[in-house]
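Report on one structure; see the data block that follows.
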Amino acid sequence: MRKPLALIVDDEPDIRELLELTLGRMEIQTCSAENYHEAVLALNQQPLDLCLTDMRLPDGNGLDLVDYIQKMPRPIPVAVITAHGSMDTAIQAMKKGAFDFVSKPIDLAGLRQLISSALKLSSAELPKDRRTRNTLLGESPVMRDIRSRIDKLARSQAPVYISGESGAGKELVARLIHQQSSRNDKPFVAINCGAIPHELMESEFFGHKKGSFTGAVSDKKGLFQAADGGTLFLDEVADLPQPLQVKLLRAIQEKKVRPVGEQIEIPVDVRLLSATHRNLADMVKAGVFRQDLYYRINVIDLVLPPLRERAADIPMLTENILNRLTGGNSPAISAGAIAALQKYRFPGNVRELENILERALALYDGKTIEVDDLNLPIAVSNDSLELPDYDPAKESLEDYLDGIERKAITSALEENKWNKTAAAKQLGLTFRSFRYRLKKLNMEE
């Protein structure tokens, strides 16, 4: 079996020697280059598995080499070596496709960890677009692009910020990035930042020592330690209080955490993914989210489209959800019902589609799911009703949609002098469906 071969690019002989010794003890062969020109020659002379390059080179810089490697027919993982505190440069390198970065003075334990992950990525044929098609469904151009980006993001250690509306599938995308990465045999730890009481957040994130506060009856590992070697997914990261934002930034930059009550910092190796349905850029402008943390977690951003912007995917999603809900014995669904779903706005996205289909299975006649069985919330325009913004922290999606329906029905009844048949016709509903809604919303009187 061929030993891995790594290219070391640095104009300082001492650094090259240190890296050669470190990699040699890991049973990794090395070849060296003192500048950009020599590195390019080496890249074209023989198959390589990894590249470690200094950021400053006599005839260029590490970013140029990252660009060159990304354009190769078979890109290899490349890690850049940066001066201490040059976080902006490291972030720029990862945006360009660098696997990861190492800060001077070089921490050998961290370097060995990085090299192991990079070689695993280089040697393994990680699953690509075909694997995600069975879990991230849709053949619309935007979904094909999302799957392609997931494949690329899985080959990096760069922090990814996933944005999109509630129910759009942000955690699903985070899990797919992890599953396709070189960390897929390590833990994937997901946490909803809005679900943890503020006074417990530091302990939950970083752990605590026994006796460090009332109730700390034993040592406890935090989420960072639980995800060590794997991926930490921070959902609704916008809900983090500012004091914890400061500590989170330090943990990300230093790759170390300090449990509550502990005097020393503990090294951790995690890939950070984060998400929120809120606009973090607006929160930065308003001063409620730290700008430095925003730039650190938003090295690469991935925007998930709402379901209404990919209506062509609804038939495939509907078939898949019905099969899952019925164990593979899904009923037929009429063309009219599919058309109604494609016209609906879906404020709750895929999660709402699942709720609608689950309800339809309970209501249909046992043969075919029709439009009335879907009981879609009544479509209203902003011209006729003032619609409140949906805030999942304040109410459930069902309560929000019930409120909209109640307003639309009341408005239609008032305009038709409380004639239910006329109100149903105005709303485009059958009388049966209209009666069902009145009963569901306790509006029969």
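The values are calculated or read from the model by the stated rules, or taken from the named source; none is laboratory data. Note that the structure is predicted; figures quoted are calculated from it, not measured. Don't worry about glycine lacking a Cβ; one is built from the backbone with ideal geometry, like all the others, and counts go over all protein chains shown. Ligands, DNA and RNA are excluded from the accessible area calculation, which covers all protein heavy atoms including side chains. Shrake-Rupley method; radii C 1.70, N 1.55, O 1.52, S 1.80 Å.
Data table
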{"read-out": "Neighbour-limited loop hits for GluC sites (Glu not before Pro), segment 9-94 (at most 12 other Cβ within 10 Å; DSSP other than H, G, I, E, B)", "value": "E27"}
{"read-out": "For segment 194-241: rounded, prolate or oblate by the Cα gyration tensor [a/c cutoff 1.5]", "value": "oblate"}
{"read-out": "Relative contact order, percent, the chain [alpha-carbon distance under 8 Å, six or more residues apart]", "value": "11"}
{"read-out": "Modelled FRET efficiency - R0 25 Å, E398 with S334, Cβ distances, 0.05 increments", "value": "0.55"}
{"read-out": "Cross-link table K221/K255; K407/K439; K96/K221; K367/K407; K152/K221; K221/K285, entries beyond 23 Å C-alpha to C-alpha", "value": "K96/K221; K367/K407; K152/K221; K221/K285"}
{"read-out": "Stretch gain in nm, segment D219-Q29, where the contour uses 0.36 nm per residue and the Cα spacing is subtracted", "value": "64.2 nm"}
{"read-out": "Segment S148-N419, length gained on full extension (0.36 nm per residue, minus Cα span)", "value": "92.2 nm"}
{"read-out": "Helix axis angle, 431-440 relative to the chain longest principal axis, alpha carbon, degrees", "value": "70"}
{"read-out": "For the chain: accessible area per residue (Å², 1.4 Å)", "value": "50"}
{"read-out": "Förster-model FRET efficiency, 41 Å R0, L363 and S212, C-beta, rounded to 0.05", "value": "0.15"}
{"read-out": "Of K220/K256; K95/K186; K343/K440; K104/K186; K209/K256; K343/K417, those spanning more than 19 Å from alpha-carbon to alpha-carbon", "value": "K95/K186; K343/K440; K104/K186; K343/K417"}
{"read-out": "Label-point separation, F431 to K71 (7 Å along Cα→Cβ), nm", "value": "7.2"}
{"read-out": "Carbon + sulfur, % of accessible area of the chain - ligands and nucleic acids excluded, 1.4 Å", "value": "49"}
{"read-out": "The chain: angle of helix 13-25 to the longest principal axis, Cα-based, in degrees nearest 10", "value": "70"}
